[in-house]
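Structure record follows, encoded as structure tokens.
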Amino acid sequence: PQIPAITLNNGVRIPQLGFGVWQVPDAEAVPAVRAALEAGYRSIDTAEIYENETGTGQAVLESGIARDELFVTTKLWNSGTVDWSGEQGRDRVLRAFDASLDRLRLDVLDLYLIHWPRPMHGNTFLNIWRAFEQLHAEGRVRAIGVSNFRVPDLQLLLKEAEVKPVLNQIELHPYFPQAELRALHAEHGIATEAWSPLGQGKDLLAEPALLAVAAKHGRTAAQVVLRWHLQSGVIAIPKSVTPARIRENLDVTGFELDAEDLAAIAGLATEQRIGPDPAGFDWN
Ligand code: NAD
């Protein structure tokens, strides 16, 4: 399938559908990422804390796909006891980045994200961002961004940053549509990337309203939800380790949701998160 792409605020292009590998053990990441690349995904979302950068890198290398056709994202972990201030903090970021790149067996990363803002530590993420800007200036990463940043975190970062984040990767699905953050992103030219785009696949995909839309189009509930993300201009990174579902989740370009469908999906919003609230999340 032809996957649409989004042009980020620095001109770099990212496929609007990517493959997420959270909770995939390192050894299983090899066949999972291989299946995703065979199905046609060209964007992979991993993180230091997922402990599967090695398997992800191996599958990418073995695929033989040209480097410039691939888009690899990883994320700097919290490491909560670590002091990220000053020179020492900067060196820690640079070392974590080098270690991620070694595991991924890449020379240049496509996208590096601060995994969580940890606002209980004040301005820490600003120091991290300076190191991200350095990596970007050195050409070691093509784009830098954030994850789980709330409105106040983003406002502070935008005030201080020399390089704007290209995107914010946040929990987003029909239960939790994130209208306020998305409006702020739009105002500043920051793309929105949805994590847990399928609401982790449980209750959401069994919603009668979604199943009705799916039946109308001869599609599955997962395909309807991913189509909704695409039509909203959002980048989505669904996860599955089942090859048939991996393919199904990519096959979402041959139909269009109409206003009635979009209204039915909007009716599912509960404004309840499935994952942690970034305001208090300091796990490490
Ligand atoms: P998801 O919404 O992608 O749901 C994945 C689950 O849905 C699968 O495990 C499977 O059980 C089910 N599923 C997938 N495809 C299906 C299909 N076609 N039909 C029926 N069921 C299906 O949830 P996720 O894994 O939490 O999120 C996706 C990715 O987002 C992660 O892998 C990770 O890369 C990223 N993520 C990032 C953060 C962050 O803090 N930045 C947090 C969570 C997840």
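The values are calculated or read from the model by the stated rules, or taken from the named source; none is laboratory data. The model shown is predicted, which means the values in this text are computed figures rather than measured ones. Methodologically, a virtual Cβ is constructed for each residue, glycine included, from the backbone with ideal geometry; neighbour enumeration extends over all protein chains shown.
A few remarks follow.
- Which listed residue, of 149, 176, is more than 10 Å from the ligand (Cβ to nearest atom), touching a Lys or Arg at 6+ places or on another chain (Cβ under 7 Å), over 21 Å from residue 21 (Cβ atoms) and at pLDDT 95 or above: 176
- Lone unmet requirement of (1) modelled with pLDDT of 95 or more; (2) crowded, with 18+ Cβ neighbours inside 10 Å; (3) within 15 Å of the ligand (Cβ to nearest atom) for residue 30: (3)
- Residue count for segment 14-59 under the criterion of being among the polar types (S, T, N, Q) and under 14 Å from residue 103 (Cβ atoms): the result is 5.
- Against the list (1) within 13 Å of the ligand (Cβ to nearest atom); (2) within 20 Å of residue 129 (Cα to Cα), the condition residue 83 fails is (1).
- None of 202, 216 is over 26 Å from residue 21 (Cβ atoms) and basic (Lys, Arg) except 216.
- Neighbours by Cβ (under 8 Å, 6+ apart or cross-chain): first from segment 263-282, on the phi > 0 side of the Ramachandran plot; second surrounded by 14 or more Cβ atoms within 10 Å (Cβ to Cβ) and not in a loop (DSSP other than H, G, I, E, B): 271/176
- Residue check for residue 213: over 19 Å from the mean Cα position of the chain (by Cα), crowded, with 22+ Cβ neighbours inside 10 Å and more than 12 Å from the ligand (Cβ to nearest atom): yes
- Members of segment 224-266 that are surrounded by 14 or more Cβ atoms within 10 Å (Cβ to Cβ) and polar (S, T, N, Q): 231, 232, 240, 249, 253
- Identity of the residue in segment 37-55, part of a helix (DSSP H, G or I) and in contact with a Lys or Arg (Cβ under 8 Å, 6 or more places away or on another chain), that ends up farthest from the ligand (Cβ to nearest atom): 54
- For segment 188-206, taking the residues that are within 6 Å of the ligand (Cβ to nearest atom) and not in a strand (DSSP E or B), the one that is farthest from residue 145 (Cα to Cα) is identified as 205.
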